[in-house]
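Read the structure below first, then the notes.
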Amino acid sequence: MKKNNLIILKIGGSVITDKEHNRKRINKKNLKRIAKEIAQAKNKNGFSLIIVHGAGTFGHKIAKKFNLHQGYKNNLQIKAISDLCLDLKKLNIEVIKYLKKEGIEAITFKQSSAWQLSNGRLENYNLEIIRNYLSLNLTPVLFGDILVDKKLKFSILSGDQIIYRLAKKLTVNKVIVGTDIDGIFNCNPKTNKRAKLIKKVNGKNINNFLIENSTSIDVTRGMNGKVCELINLAKSGTESEIINITKSNILKKALLGQNGLGTIIKTN
Ligand code: IP8
């Protein structure tokens, strides 16, 4: 693997699950197309790739119902943790299956068996196994999950925090965050037709934008949570871009090196 040839891609849970009806179902059409676009780009440019997918309808509803993001409150949460883990595993298996169908040798890295949180933030996370997978030309696939937490007993790790942690420690060429909207807007584009897309966001101008909370149930703070992680990432020297991967070929273009397809998050 060439050191500077690594792309980290987040596939938003809202894109690959049935967010519209809030059902625990895969959005097969999107997942199939996304896997195809990844394979086409990878075959053309031969980059290494780490994929992180969100939980979508397989995670946020139950996490919210039992307040799993807030840590231990009562024993009803215990069954919910086990149920949530099973659902996340089912979603992850589907993602892996679709990727493999397109010839991408994807492999799950189960973050909750290897890493721990402290107050919702990752602590002592080792990337050795992920590095080894990459050197074997495997494509590690991680996902938003529930982890043991030193302070809260357990909490939720978002895919966006995973992106931040990975990109901070690895030498990455590009960080792409795929969602179901075109990027960051000056107000919520789902509720306001006059919302304007912001092409570049940095630590200074971010406070000028009203980032309303996601319109769906999201325990990891939707777009706000995402932007916070990406601003932190930009501050540590890695820029990222939020793009709409529900639209055909946007992801493929981004993977092939095109910039300016959504909102770029950088320090200056
Ligand atoms: O969908 C959240 O990860 P995200 C994970 O990346 C759970 O925010 C379990 C809700």
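The values are calculated or read from the model by the stated rules, or taken from the named source; none is laboratory data. Every value quoted in this text rests on a predicted model; they were computed, and no experiment measured them. All Cβ positions, even for glycine, are placed from backbone atoms using ideal geometry, and neighbour counts span all protein chains on display.
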| What number of residues within the stretch 42-61 satisfy the criterion of being crowded, with 22+ Cβ neighbours inside 10 Å and of a type outside the set (Ser, Thr, Tyr)? | 11
| message | Return the residues of the stretch 102-136 that are in a helix (DSSP H, G or I) and either surrounded by 13 or more Cβ atoms within 10 Å (Cβ to Cβ) or among the aliphatic types (A, V, I, L, M) (or both); say none if nothing qualifies. | response | 111, 112, 129, 130, 131, 133, 134
| query | Considering the stretch 133-175 alone, what residues qualify as being out of contact with any strand residue (DSSP E or B) (no Cβ under 8 Å at 6 or more places or on another chain) and within 14 Å of the ligand (Cβ to nearest atom)? | reply | 158, 164
| Which helices (runs of 4 or more DSSP H) sit wholly inside the stretch 1-72 and have at least 1 residues that are farther than 23 Å from residue 152 by Cβ and touching a His at 6+ places or on another chain (Cβ under 9 Å)? | 13-16
| Odd one out for residue 92 among (1) away from the ligand (no atom under 16 Å from the Cβ); (2) assigned to a helix (DSSP H, G or I) | (1)
| query | Would a scan of the stretch 171-178 turn up a residue that is under 19 Å from residue 244 (Cβ atoms), surrounded by fewer than 20 Cβ atoms within 10 Å (Cβ to Cβ) and among the small types (Gly, Ala, Ser)? | reply | no
| task | Only residues that are polar (S, T, N, Q) and either modelled with pLDDT of 95 or more or assigned to a strand (DSSP E or B) (or both): list them for the stretch 227-268, please. | result | 240, 244, 246, 248, 249, 258, 259, 263
| request: Within the stretch 33-88, track down each residue that is within 9 Å of the ligand (Cβ to nearest atom) and of a type in the set (Asp, Glu). | output: 87
| Looking only at the stretch 245-268, which residues are closer than 21 Å to residue 202 by Cβ and in contact with a strand residue (DSSP E or B) (Cβ under 7 Å, 6 or more places away or on another chain)? | 254, 259, 261, 262, 263, 264, 265, 266
| query | Exactly one of (1) under 18 Å from residue 98 (Cβ atoms); (2) more than 12 Å from the ligand (Cβ to nearest atom) is unmet by residue 16. Its number? | reply | (2)
| message | Cβ-Cβ distance below 7 Å, separation of 6 or more or different chains: which pairs start in the stretch 219-235 with a residue that is more than 18 Å from residue 13 (Cα to Cα) and end on one that is part of a loop (DSSP other than H, G, I, E, B)? | response | 231/203; 234/202; 234/203; 234/266; 234/267; 235/203; 235/267
